[in-house]
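Written below as structure tokens is the structure these notes are about.
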Amino acid sequence: MTALLGIDIGTTHCKAGLFDRIGNCLKLASRQTMTHYRSNGEAYYQPDEIWGIVSSTIQEVIKENSETIAAIGITSMAETGLLIDKNSGLPKTEMIPWFDKRAMEEANQILMEADRLERFVRSGLRHSYKYGLPKILWLRKQNPSITNDAIWLSASDFIAYKLTGEFGTDYSLAARTYGFRIDEKVWDTPWLNKFGLDETLFPPARPSGTPMGEVNNEECIAYGLSKGTPVAVSGHDHVCAALAVGAIHPGVVLDSIGTAETLVGTLEEHPLGEKEYKSGLSYGCHVAKNRLFLMGGLPSSGGAVEWIRTQFSDKSLSYDEMLSLLKETDEGPTGILFYPHLSGSGAPNPDPQAKAAFIGLEKKDERKDLLKALLEGTAYQMESIREAVESIAESDITNIVAVGGGTKNKQWMQIKSDISGCIYSIPEVSESTLLGAALAAGIGTEFYQDEEEATRLIGQQNRTEIVPNDEHHQAYQTIYKNGYVQMEKALRMYYQNQLGDE
């Protein structure tokens, strides 16, 4: 039997999975992503350590495997990257995570060089410390010669290079550097030149899933990976997940719930303009051909859950304990407002300086109420993103496909459904991001004829549907419109004024 191998370099775990033609997961391996921190708060990954983790997951899934691997597809957290020496192939820097804020100053400097609307129309993005360009400028500030004979690789690109010895990326990840034109699908040379950089600092960009090389790593060949197996950079992790669940057409929206949470929609390719800019959403090249994705994210969603689990005692609250507490809460809204901006805010009002807050606490409130309020707050914030997506799509969103670890928390899913008024559909797709990476490679190598065939073949899995409670929906919407939205404006103004005084 022929299978596809997916690799996912994620914020919390690195995974490899083997999938058959209709999307069944034949074997899965997962290892923790080892994040390191300095005393000044900088986060980083050790490139060789990440490669060792990924390599061990590959070895585990192909061990005693009788399937022929038709192609390997790689996805990753989008903005994480590093500089590699072109000549030696050795890392010149550590791997900087998407969430590390060290390049905040460089991001603000970039903003001074840009016409914001023009840059958005070309890149689909607003300036941010997350992207590759400010990270590169920060690295060059530490070492002015660091970019000599160097190439910037995303986490996916790096693993693909380790497997093949070839440099390459896909359009969806290239766009997350802030140096790529999604309207022309080329590196933006004049823009890069403004910063003394050249397009040769970046790898060739191709459509998602296009083979960029073949397995040529002797270590991997020694433990059983076949030499010559096609390797593809599949693209942005959230967009790969959208492919896996068939959310590749306008009107079908994906809610990908992990450490961060992202709402992903699909548009036909078209020039971006002021309307898209004002939406607060980001845009990019979809892993499905001739489409754009639009995306709004909550940086701390599952991350907020992890945070509160550690706040009640020296011992973290277990997931079972958390679910038991939620079952004890009253039905409907808590009336407590939680703003989940522990790591700043994303769409529709991007602001890296936004702060989290609980509002409306009473003496009677207990741990269970705080926990439920936190889940409500993340859902309120995602509701504001859903409204922005609706305004751009110019159609109502009534059904949302949800994937990720958060879907295991049925109380959270019910809260989301009640607040949005949408049916939440949870497919029984094992590891959607991994599967999406495998599918993109399968499409790129003609294992599948196209996206339509791939999604049709894997679209037979059962789905659990969470239906909104109408009474609770009305109560939540009143709080959302009259409370959550209004108070958020006041909080943002307060913190903006506070920062202005400093």
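Here, each number is a calculation from the coordinates, and none is a lab measurement. In this text the structure is predicted, and so the values were computed from the model without any measurement. Heads up, the Cβs are rebuilt from the backbone with ideal geometry, glycines too, and the neighbour counts pull from every protein chain shown.
Between Asp48 and Asp450, what FRET efficiency follows from the Cβ-Cβ distance if R0 is 41 Å, with the result rounded to 0.05?
So, using R0 = 41 Å, E works out to roughly 0.65.
Leaving out same-chain residues fewer than 8 places away, which lysines sit with a Cα under 17 Å from that of Lys27?
Straight-line reach from Lys27, under 17 Å: Lys15, Lys63.
Counting DSSP beta bridges with both partners in region 2-239, what percentage is antiparallel, nearest 5?
Bridges in region 2-239 are about 65 percent antiparallel.
Counting other C-beta atoms within 10 Å, which of Lys194, Lys162 has the fewest, and how do the rest follow?
So the ranking, lowest neighbour count to highest, is Lys194, Lys162.
Report the Cα centroid-to-centroid distance between region 244-261 and region 370-414 in angstrom, as an integer.
What the calculation gives is 11 Å, centre to centre.
Using 0.36 nm per residue of separation minus the Cα-Cα distance, give me the extension gain between Arg116 and Ile146 in nm, one decimal.
Stretched fully, the Arg116-Ile146 segment lengthens by 8.0 nm.
Using Cα-Cα distances under 8 Å and only pairs 6 or more residues apart, what relative contact order does region 2-239 have, in percent?
Computed over region 2-239, the figure is 20 percent.
If you filter region 1-48 for trypsin sites (Lys or Arg not before Pro), then keep DSSP loop positions with at most 12 other Cβ within 10 Å, what is left?
Those satisfying the criteria are Arg38.
Could you pull out every one of the lysines with an alpha carbon less than 18 Å from that of Lys141, ignoring same-chain neighbours closer than 8 positions?
Here the lysines satisfying the reach criterion relative to Lys141 are Lys92, Lys101, Lys130, Lys194.
Figure the gain on full extension for Asn290 and His249 (residue separation times 0.36 nm, minus the Cα-Cα span) and round it to one decimal in nm.
Additional length available on full extension: 13.7 nm.
Could you put Asp369, Asp85, Asp170 in order, starting from the residue whose Cβ has the fewest other Cβ atoms within 10 Å?
Ordered by Cβ neighbours within 10 Å, fewest first: Asp85, Asp369, Asp170.
Among all lysine pairs in region 331-468 that are eight or more places apart or on different chains, how many have alpha carbons less than 15 angstrom apart?
Going through region 331-468 pair by pair, I get 4.
In which sequence would Thr12, Thr164 go, from the one with the fewest C-beta neighbours within 10 Å to the one with the most?
Thr12, Thr164
What residues qualify as long-range amide H neighbours of Leu294, i.e. H under 5 Å apart, gap of 5 or more or another chain, H built at 1.01 Å from N?
Amide H neighbours of Leu294: Gly265, Thr266, Leu267.
If each DSSP helix of 4+ residues adds -39,500 (n - 2.57) and the sum is divided by the residues in the chain, what number results at 222 nm, nearest 500 deg cm²/dmol?
Rounded to the nearest 500, it is -11000 deg cm²/dmol.
Distance between Cα centroids, region 270-328 to region 61-82: provide it in whole Å.
Region 270-328 and region 61-82 have Cα centres separated by 24 Å.
Would you list, by chain and number, the aspartates and glutamates whose Cα falls below 13 Å from the Cα of Lys315, excluding same-chain residues fewer than 8 positions away?
Once the sequence-local aspartates and glutamates are set aside, what remains near Lys315 is Glu306.
Cα centroid distance between region 450-485 and region 135-206, in Å?
37 Å
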